[in-house]
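Structure record follows, encoded as structure tokens.
Computed from the coordinates by the stated procedures, all read-outs in this text should not be read as laboratory data. Keep in mind that what you see is a predicted model, and the values were worked out from it rather than measured. Here Cβ is always computed from backbone atoms with ideal geometry, including for glycine, and neighbour counts include all displayed protein chains.
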Amino acid sequence: MKPVRVRFAPSPTGLPHIGNTRTALFAWLLARQTGGRFIVRVEDTDQKRYQPQSLEKILEILEFLELDWDEGPRVGGPHQPYFQSQRLDHYQKIAQELIDSGVAYYCFCSSDRLEKLRREQKEKGQIPKYDRHCLSLSEKEIEKKKQAGNYVVRLKMPENLNFSWKDLVQGEITINSKDLDDQVLLKSDGYPTYHLAVVVDDHDMKISHVIRGVEWISSTPKHLFLYQSLGWPVPALMHLPLILGPDKAKLSKRHGAKSVLDYRDEGYLKEALINFMVYLGWSYHDNSQILTKEELIKAFDYQKIQKQNAIFDIKKLDWFNGQYIRMKKDEELAQLLKPFAPKEADEDLIKKIIPLVKERLARLSEFRGLAGFFFLSPEVSQSLLKENVRGNYKNYLKEALLVIQSIKDWQEGEITRKLMALIKKKSWQTGDFFMALRIVIAGSRHTPPINDSLVILGKEETIQRLQKFLKN
RNA sequence: GGCCCCAUCGUCUAACGGUUAGGACACCACCCUUUCAAGGUGGUAACGCGAGUUCGAUUCUCGCUGGGGCUACCA
């Protein structure tokens, strides 16, 4: 494949969810695979929904996933500015050209009238569509109304024309223009709508492949008509399947769909996120291969992109995450774990704990629950002991204390040896004894190996915890 | 409602006319084991329905059903 120019075009109206991010990932992979360019373009044309902080967050997602971009915000490029809000003049000029060539027209209808029109059409069972009320206005009327401002520019769609294209993912698609509305291209605030801006910018920025979600399929004919009217070549089109939530509905900000940043904060690794996302709508071997970025770039094949929507299954993400956590070097894992450890946690201590928790973590955020007792003496529940330990647990612990106090060489081997000897001598159940010890030391029935934990905790602290418990 | 798209285990998917329909996650069982994990072994589990085409359909065609997307001066 020849080098592509692809773009990720987020709208700063919130954070992209996994679906949008996956689209960015696919585009990035295609760019890197072909030695092409990955461009970020900010589609900030919606003044009403604009959220100033969101752009930084969107870029943070790309940075976190290490999807570097060759052109766009911060890095600039030959086609700047990469913000649509800074290209208004340009869109307005194109809109004027379209009006001059009779492909677009002014519309002065109020939103009230449009709403009423739509309502009536729906009641009659008709397709809600602009009725071209303003198309019949005379030159003079138009000029007069323009003085008052508050107008939009609409695309004059052909009445009955088939628009077809060979979608690189979806295959041949044909849509007749009779079902399409006269889309507003330029809003009354002078900003373009998506439909105008995307076509103009994709052309200007020499985008070779438009990669986006299938929700855009229905409006693609409008774009096709614009390309045609402007005499511009049409880029290759790839409409990617959607990622659906467990409820099978499209992920959306409204339904609380999380962003990659949310997952990061819940303790998911970037590698896991990428590996998980790439298998949503694309397949390679058994869809469980652990692949590095480099391997992914090589293996990625857009022809194997699925047409079906995929349902997001967090369990698989958890699995990938666990795999990656276990593959991490302790050193690196310590750094990753730091934000999830208690604030005052000592880094050396975290490092010591890692071998004990590494294969017990699915998410970094589980570190606290699993290893919190290393940092803070736990609350010990009598009922937890009663329910999980057969026999006289107080007795187990009293004897355990004596043995532990006598241990000189504070090593796992020695601790185990001495304690096992005690258990044997008393004919106790091993499980019962250690469960009692576990609960008193860690406050939980689920912990890392307890004797190894005691080594890290230290003899003194171990004795203190036992004594504190036995006093009550 | 209209237009467009889709349809294999619960989930992600393999299969490109002939397979005991394969794998992975999840789930279950067993092994390992002082807990929980991890790991190992095994197991349950799918071609939506109906017509064609064909010697033969999961695979091709049509219809139905089901699901999804779109139907804004939002992207």
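Things worth noting here:
- Violating pairs (Cα-Cα greater than 28 angstrom) within the set A:293/A:358; A:315/A:386; A:394/A:424; A:178/A:304; A:166/A:315; A:328/A:408: A:315/A:386; A:178/A:304; A:166/A:315; A:328/A:408
- Residues A:302, A:227, ranked from the fewest to the most other C-beta atoms within 10 Å, line up as A:227, A:302.
- Principal-axis analysis of the Cα atoms of chain A puts helix A:412-426 at an angle of about 60° to the longest axis.
- Close amide H partners of residue A:311, meaning residues 5 or more places away or on another chain with modelled amide H under 5 Å apart, are A:244.
- Residues whose amide H comes within less than 5 Å of that of residue A:185, counting only those at least five positions distant or on another chain, are A:153, A:154, A:155 (H built at 1.01 Å from N in the peptide plane).
- Distance from the Cα centroid of the range A:100-148 to that of the range A:334-373 is 62 Å (rounded to whole angstrom).
- Three-way shape label, chain A, alpha-carbon gyration tensor, a/c 1.5: prolate
- Bridge orientation summary for chain A: considering DSSP beta bridges with both residues in this region, about 55 percent are antiparallel.
- Separation of alpha-carbon centers, the range A:1-68 and the range A:242-317, rounded to whole Å: 16
- Of all lysines in the structure, those lying under 28 Å Cα to Cα from residue A:145, and not within fewer than 8 positions of it along the same chain, are A:48, A:93, A:116, A:129, A:156, A:187, A:222.
- Overall form of the range A:329-368: oblate. Here a/c, set by the Cα gyration tensor axes a ≥ b ≥ c, is 1.5 or more, and a/b is not larger than b/c.
- Using alpha-carbon coordinates, inclination of helix A:220-230 to the longest axis of chain A, degrees: 50
- Sequentially through the range A:446-456, phi angles give Karplus couplings (6.51, -1.76, 1.60; θ = phi - 60°) of 10, 9, x, x, 6, 5, 5, 5, 4, 4, 5 Hz, Gly and Pro residues having no value and appearing as x.
- Couplings 3J(HN,Hα) for the range A:140-145, derived from phi with the Karplus relation 6.51 cos²θ - 1.76 cosθ + 1.60 (θ = phi - 60°), are 5, 4, 4, 4, 5, 5 Hz, where x marks Gly and Pro.
- Helix A:347-357 axis, angle to chain A major axis (alpha carbon atoms, nearest 10°): 90
- The amide H of residue A:167, built 1.01 Å from its N in the peptide plane, has A:172, A:173 as neighbours under 5 Å, considering only residues 5 or more places off or on other chains.
- Each residue of the range A:164-174 is assigned a 3J(HN,Hα), and the resulting list reads 10, 8, 9, 6, 5, 10, 8, x, 6, 10, 10 Hz, derived from the Karplus form 6.51 cos²θ - 1.76 cosθ + 1.60 (θ = phi - 60°), x at Gly and Pro.
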